[in-house]
Each structure stands twice: as structure tokens, then as C-alpha cells.
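To start, the structure under review is shown below, and the notes come after it.
The values are calculated or read from the model by the stated rules, or taken from the named source; none is laboratory data. Fair warning: this is a prediction, and the values are worked out from it, not measured in the lab. Virtual Cβ from ideal backbone geometry, glycine too; neighbours counted across all protein chains shown.
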Amino acid sequence: MLRQILIRGALAAIPFVIWFLWTAWARRTGRPMGSTPWPWLVAVAAALLGLSLMASVVFHSDNRGERYVPGEARPDGRVTEGHFER
């Protein structure tokens, strides 16, 4: 779960990182820069997040037809993980 949150956070950050790198490069080379296009950056970040959610639905394995076996607490104190069986 944490990995998915970090990946989606990185995807949301990509437009901002690209914009600020471009701005730094443009200022260093002497080009005049306008104001930061916040609505466009937020829209592109939202589009990337939406695409990542759609991709996870398309490429995630399907577990229909499988039986879920819940995790159990064993007498020795260990807990087994829940899993799907065919």
C-alpha cells in the first residue's frame, strides 16, 4: 500500500518538477519567465493520477473464481496472511 502511495505521489510531482527545472534553466539562460501555471500543473497531475488508477484496474490480476482464505492466529502466536486459492 505504501509503495502505491509513493508511486502515485511521484506521478503527481512529475509536472511540478519538470516545470521548476525548466524555470531554473530558463532563468539561468536569461529567458523571461511568466507566472507559474498552477491550474495546468494541477490538471496534469490529476490526469496522471487518473491514468495510473485506470492502469492499475486494467493490469491488476483478477481474483474472481478464487476463494479467499482469511489470515489466522495460530496457537504459537504467529499470524498467517490471508490469500486466495484456486
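Taking the condition exposed (fewer than 10 other Cβ atoms within 10 Å of the Cβ), modelled with pLDDT of 90 or more and assigned to a helix (DSSP H, G or I), does ILE18 pass?
no
Need the failing condition index for TRP38 against (1) free of Cβ contacts under 8 Å to residues at least 12 places away in the same chain; (2) closer than 30 Å to GLU85 by Cβ, just the number.
Every listed condition holds for TRP38 apart from (2).
Does region 1-10 hold any residues that are surrounded by 10 or more Cβ atoms within 10 Å (Cβ to Cβ) and not aliphatic (A, V, I, L, M), and which are they?
Selection gives GLN4, ARG8, GLY9.
Could you grab the pairs with beta carbons closer than 6 Å, sequence gap of 6+ or different chains, first residue in region 3-14 and without any contact (Cβ under 8 Å) to a residue 12 or more places away in the chain, second one among the acidic types (Asp, Glu) and surrounded by 11 or more Cβ atoms within 10 Å (Cβ to Cβ)?
none
Taking the condition of being loosely packed, with under 10 Cβ neighbours inside 10 Å and β-branched (Val, Ile, Thr), how many residues in region 29-78 meet it?
The number of residues fulfilling the criteria is 3.
Inside region 29-77, can you point out the residues that are closer than 20 Å to ARG8 by Cβ, in contact with a helix residue (DSSP H, G or I) (Cβ under 9 Å, 6 or more places away or on another chain) and not small (Gly, Ala, Ser)?
TRP40, LEU41, VAL42, VAL44, LEU48, LEU49, LEU51, LEU53
Go over the candidates ALA26, ALA13 one by one and state the one that is surrounded by 12 or more Cβ atoms within 10 Å (Cβ to Cβ), out of contact with any helix residue (DSSP H, G or I) (no Cβ under 8 Å at 6 or more places or on another chain) and more than 30 Å from GLY82 (Cα to Cα).
That would be ALA26, the only listed residue that is surrounded by 12 or more Cβ atoms within 10 Å (Cβ to Cβ), out of contact with any helix residue (DSSP H, G or I) (no Cβ under 8 Å at 6 or more places or on another chain) and more than 30 Å from GLY82 (Cα to Cα).
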